[in-house]
Each structure stands twice: as structure tokens, then as C-alpha cells.
1. Give the lysines whose C-alpha is closer than 19 Å to that of residue 32, dropping any in the same chain fewer than 8 places away, or say none.
2. Under 16 Å from the Cα of residue 26, which aspartates and glutamates turn up, not counting those fewer than eight places away in the same chain?
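Taken together, the values in this text are just the output of simple stated rules run on the coordinates, not laboratory data. Since we're looking at a predicted model, the values are computed, not measured.
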Amino acid sequence: MSSDYNFRPGGSLKLKGGVTDGGIVKKKKKSKGKDKEKATSPGEDRVKALERAIQEDETKAASPSGSGRSSPAIASASDRKTAAEKRFEEVQRKRLAEKVARLANKSHKDRVNEFNSKLEALSEHHDIPKVGPG
């Protein structure tokens, strides 16, 4: 009877989807340096690291999710959008860009002054009432 309860699956919880879907991608473990790698100069290491980063960026651009199984689904999902959905997303992007530009032009001092003037314009009805003696 107790043998039925002995099975325990190991490992971490597997989440569906890639980075774009909110999934988690684990960091790759760094391999221990070999004698050949130690013999190279630091400048050559940087060049090799940059070349590897460029190659990784190219491969990520080819498959956005990182797994071959779900990449066709992501590509076809963008094709399924209607013209109205595409227009809606474009308008949203434009509005967000305008909002960011508007907020970037104001300094903290300007925002505080604007907030204080807004509070002064409110009636006393919105004030916190005194409670208790004193």
C-alpha cells in the first residue's frame, strides 16, 4: 500500500510558453575554464563573447520563443489579427508614445506644482474630517 505513495516526480514545475508568454527561461551554467581558454588574452575573450552574443541574437530573431514547437503558433497568431485589431494596436502604440513624450517633458517640480494646484481647486468637501476631541 505504501508503494503507491513512493513515486515523487523530480525537477521544477514546467510552465507552458516562452519568455513572451510569461514563461521562465533558465540561465545557462558557465562552464569551468579550460587551459586553452586561459591561455588566450582578455581581448580575444571579449571578441569571442561578442561573436557568440551576435549569433544568439540571430537565432533568437529566427525563433522568438526559443522552442521549435511553439514558434509556428506565435508566428501564425500575428497573422490571425484582423485589420481592426491591427489598427487598434497601432493607435495604442501611438497614444503610449505621446503619453511618454508628455511625461518626459515635465520635471518633478512641475508635476508637484500641478498636483498642488489640482488639490487647491477641490472643495473642502474632500478634506479629511477631524475625529475626536481636540
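1. By straight Cα distance, residue 32 reaches 48.
2. Output for residue 26: 56.
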